[in-house]
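Take a look at the structure set out below.
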Amino acid sequence: MNIAPAHLTALQALGYTETEARFLYIVATHSGYFVARQFLAFTDAHWGKRTTLFWNKLQTKRHARTECFPKSGTVYHLFSRRLYRQIDRENIRNRREHEIEFIQQRIAMLDFVLLNQGYQYLETEPEKVSFFCNQLKVPNQFLPSKIYHGRRTSEPTVRYFVDKFPMFVAGDASSPVVTFTYIHDGGAAFVDFVHHLESYLPLFRQLSEFHFVYASRSDSHFAKATELFNSLVKIPLESDIAEDVLRYFRVRKAWDEKRYGAVSDADLIFSNHARSRFSGQRFEGLYRGWKNGHVSESNICQEFGTNDRKRKVEFQTFLLNRIAVSEANAAIGG
């Protein structure tokens, strides 16, 4: 993680030490919220005069407020426009107030970044857009986006990568490989994860290689997350179109024959997406012929040929423990 010296100097000018400035920069950029254990782990400190001075500086300078929640305890929120302005983050949404579910996820995102400080993060929306559009030459219509309608103007605003999940780049400048992340800090439902993958699919299809990390505080989610990612992303992108057609036909046939036990949740999700991809008379005719045994699988492979763009997609799970002092230097794969 490379933090511009000018940004650290600007935060130190507000009265913070270099270590405090570095911590505040990471919080402001990646979360907006933090809890005491994260500051203690980052500074390798214990409760005492040093931490008391830090809390007092934040509050007396009106740079942060404390929010108390019954189950989450005390949470610190960096909200000062002046502080964010010092690091060119004045318009970032992290300084706004949010609901507890949002805050919990942001704290989990900060845990991830603090546990993985050795990576070169794409920290802001402009950095991400520039990386994909200018460096990788991906048209911006393929980027995940959301349209906001402002109250002060009738002109809508398009924002990209509004989820703000950590994203970092590895490899040399000629062939950089980006790692996307998804931070799961909620219940067992995977609706949001599926929606997230769907919103990123157009971008994924433009990349020859990328990595994806699914982070959660419970490893009980890993098997299902892996199944969904493989079904929605990895298998379709790495496989030939003929293989996707055949998989769709097999799932559809099992469903038509009421063999519901042979169809997994991942199969259903895949089938829902494939139905729109493989619609029309051509595919309906092939399906009927295949189902009746008049069209062989080899005929379908010859019909569509092979995938002429080979992709490499890597998926990894990461157990997001609550960061402790001894874990501060841990990293993915470490």
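The values are calculated or read from the model by the stated rules, or taken from the named source; none is laboratory data. Values in this document were obtained by computation on a predicted structure and should not be read as measured data. Note: ideal-geometry Cβ built from the backbone for every residue, glycine included; neighbour counts use all protein chains shown. We work out accessible area using only protein heavy atoms, side chains counted, and drop any ligands, DNA or RNA first. Shrake-Rupley method; radii C 1.70, N 1.55, O 1.52, S 1.80 Å.
For the range 16-27, indicate whether the set of residues that are among the small types (Gly, Ala, Ser) and at pLDDT 95 or above is non-empty. Spell out how you get there, then give the answer.
Within the range 16-27, the first condition is being among the small types (Gly, Ala, Ser), and the residues that meet it are 21.
Right, trim to at pLDDT 95 or above and you get 21.
Within the range 16-27, one or more residues are among the small types (Gly, Ala, Ser) and at pLDDT 95 or above.
Residue under question is LEU53, and the condition is that it be modelled with pLDDT of 95 or more and either over 17 Å from MET167 (Cα atoms) or not aromatic (Phe, Trp, Tyr) (or both); does it hold? Break it down stepwise before answering.
On the way: modelled with pLDDT of 95 or more: no; either over 17 Å from MET167 (Cα atoms) or not aromatic (Phe, Trp, Tyr) (or both): yes.
No.
Inside the range 131-240, counting only strands (runs of 3 or more DSSP E) that do not spill past its ends, which hold 2 or more residues that are over 21 Å from ILE107 (Cβ atoms), over 18 Å from the mean Cα position of the chain (by Cα) and modelled with pLDDT under 95?
Numbers: elements: 145-149, 156-160, 167-170, 177-184, 209-216.
Of the strands (runs of 3 or more DSSP E) lying wholly inside the range 131-240, those with at least 2 residues that are over 21 Å from ILE107 (Cβ atoms), over 18 Å from the mean Cα position of the chain (by Cα) and modelled with pLDDT under 95 span 145-149, 156-160.
Looking at the range 115-130 only, could you name the residues that are in a loop (DSSP other than H, G, I, E, B), surrounded by fewer than 18 Cβ atoms within 10 Å (Cβ to Cβ) and touching a Phe, Trp or Tyr at 6+ places or on another chain (Cβ under 7 Å)? Steps first, please.
Quick first cut of the range 115-130, residues in a loop (DSSP other than H, G, I, E, B) only: 116-119, 122-124.
Restricting the remaining residues to those that are surrounded by fewer than 18 Cβ atoms within 10 Å (Cβ to Cβ) gives 117-119, 124.
TYR119 - this is the single residue of the range 115-130 that is in a loop (DSSP other than H, G, I, E, B), surrounded by fewer than 18 Cβ atoms within 10 Å (Cβ to Cβ) and touching a Phe, Trp or Tyr at 6+ places or on another chain (Cβ under 7 Å).
Which residue pairs have Cβ atoms under 7 Å apart, sit 6 or more places apart or on different chains, and have a first residue in the range 154-167 that is within 15 Å of THR181 (Cα to Cα) and a second that is at pLDDT 85 or above and open to solvent by 60 Å² or more (accessible area, probe 1.4 Å)?
VAL162/LYS146
Restricting attention to the range 258-310, and to residues there that are in contact (Cβ under 8 Å) with a residue 24 or more places away in the chain and acidic (Asp, Glu), which single residue is nearest to VAL233 (Cα to Cα)? Show your work before the answer.
Initially, the range 258-310 is screened for residues in contact (Cβ under 8 Å) with a residue 24 or more places away in the chain, giving 264-267, 269-270, 273-275, 277-278, 283, 286-287, 290-291, 297, 300-301, 303-307, 309-310.
With the extra rule that they be acidic (Asp, Glu), the set shrinks to 265, 267, 297, 303.
Numbers: ASP265: 15, ASP267: 13, GLU297: 23, GLU303: 23 Å.
Filtering first and then ranking leaves ASP267.
Take ASN307 and decide whether it is assigned to a loop (DSSP other than H, G, I, E, B), under 22 Å from SER231 (Cα atoms) and at pLDDT below 80.
Details: assigned to a loop (DSSP other than H, G, I, E, B): yes; under 22 Å from SER231 (Cα atoms): yes; at pLDDT below 80: yes.
Yes, satisfied.
Could you give every pair whose Cβ atoms fall below 8 Å, whose first residue belongs to the range 99-128 and is of a type in the set (D, E, K, R), and whose second residue is part of a helix (DSSP H, G or I) and open to solvent by 50 Å² or more (accessible area, probe 1.4 Å), counting only separations of at least 6 or pairs across chains?
So the pair list comes out empty.
Exactly one condition in (1) open to solvent by less than 40 Å² (accessible area, probe 1.4 Å); (2) under 21 Å from the mean Cα position of the chain (by Cα); (3) of a type in the set (D, E, K, R) is not met by ASP244; state its number.
(2)
With the structure loaded, tell me whether GLU257 is surrounded by fewer than 16 Cβ atoms within 10 Å (Cβ to Cβ), more than 16 Å from the chain's Cα centre (by Cα), acidic (Asp, Glu) and more than 17 Å from ARG311 (Cα to Cα) or whether it fails that test. Show your work before the answer.
Values: surrounded by fewer than 16 Cβ atoms within 10 Å (Cβ to Cβ): yes; more than 16 Å from the chain's Cα centre (by Cα): yes; acidic (Asp, Glu): yes; more than 17 Å from ARG311 (Cα to Cα): yes.
In short, yes.
Tell me yes or no: at least one residue of the range 169-180 is under 13 Å from PHE132 (Cα atoms), hydroxyl-bearing (Ser, Thr, Tyr) and surrounded by fewer than 14 Cβ atoms within 10 Å (Cβ to Cβ).
Yes, the range 169-180 has at least one match.
Checking the conditions here, which among HIS273, HIS294 is at pLDDT below 90 and on the phi < 0 side of the Ramachandran plot?
Unique residue meeting the criteria: HIS273.
Report, by residue number, each residue of the range 277-302 that is out of contact with any Lys or Arg (no Cβ under 6 Å at 6 or more places or on another chain), open to solvent by less than 90 Å² (accessible area, probe 1.4 Å) and not in a loop (DSSP other than H, G, I, E, B).
Taking the range 277-302 and keeping what is out of contact with any Lys or Arg (no Cβ under 6 Å at 6 or more places or on another chain), we get 277-290, 292-302.
Narrowing the set further to residues that are open to solvent by less than 90 Å² (accessible area, probe 1.4 Å) leaves 278-280, 283-287, 289-290, 293, 295-301.
Residues satisfying the conditions are PHE283, GLU284, GLY285, LEU286, TYR287, GLY289, TRP290, GLU297, SER298, ASN299, ILE300, CYS301.
Could you identify the single residue in PHE210, PHE142, PHE190 that is open to solvent by less than 30 Å² (accessible area, probe 1.4 Å) and touching a residue at least 12 places away in the same chain (Cβ under 8 Å)? Lay out the reasoning, then the answer.
On the way: PHE142 fails: open to solvent by less than 30 Å² (accessible area, probe 1.4 Å); PHE190 fails: open to solvent by less than 30 Å² (accessible area, probe 1.4 Å).
Every option except PHE210 fails the conditions.
Among ALA262, ALA274, which is the only one that is in contact with a helix residue (DSSP H, G or I) (Cβ under 7 Å, 6 or more places away or on another chain) and open to solvent by less than 30 Å² (accessible area, probe 1.4 Å)?
On the way: ALA262 fails: open to solvent by less than 30 Å² (accessible area, probe 1.4 Å).
Step by step, each of ALA262, ALA274 is checked, and only ALA274 is in contact with a helix residue (DSSP H, G or I) (Cβ under 7 Å, 6 or more places away or on another chain) and open to solvent by less than 30 Å² (accessible area, probe 1.4 Å).
Go over the candidates GLU155, GLU238, GLU198, GLU227 one by one and state the one that is touching a helix residue (DSSP H, G or I) at 6+ places or on another chain (Cβ under 6 Å) and open to solvent by 10 Å² or more (accessible area, probe 1.4 Å).
On the way: GLU155 fails: touching a helix residue (DSSP H, G or I) at 6+ places or on another chain (Cβ under 6 Å); GLU238 fails: touching a helix residue (DSSP H, G or I) at 6+ places or on another chain (Cβ under 6 Å); GLU198 fails: touching a helix residue (DSSP H, G or I) at 6+ places or on another chain (Cβ under 6 Å).
Only one candidate qualifies: GLU227.
So which residues in the range 246-277 are among the polar types (S, T, N, Q) and closer than 25 Å to SER298 by Cα? Before the answer, list the steps.
To start, the set of residues in the range 246-277 that are among the polar types (S, T, N, Q) comprises 264, 271-272, 276.
Passing the criteria: SER271, ASN272, SER276.
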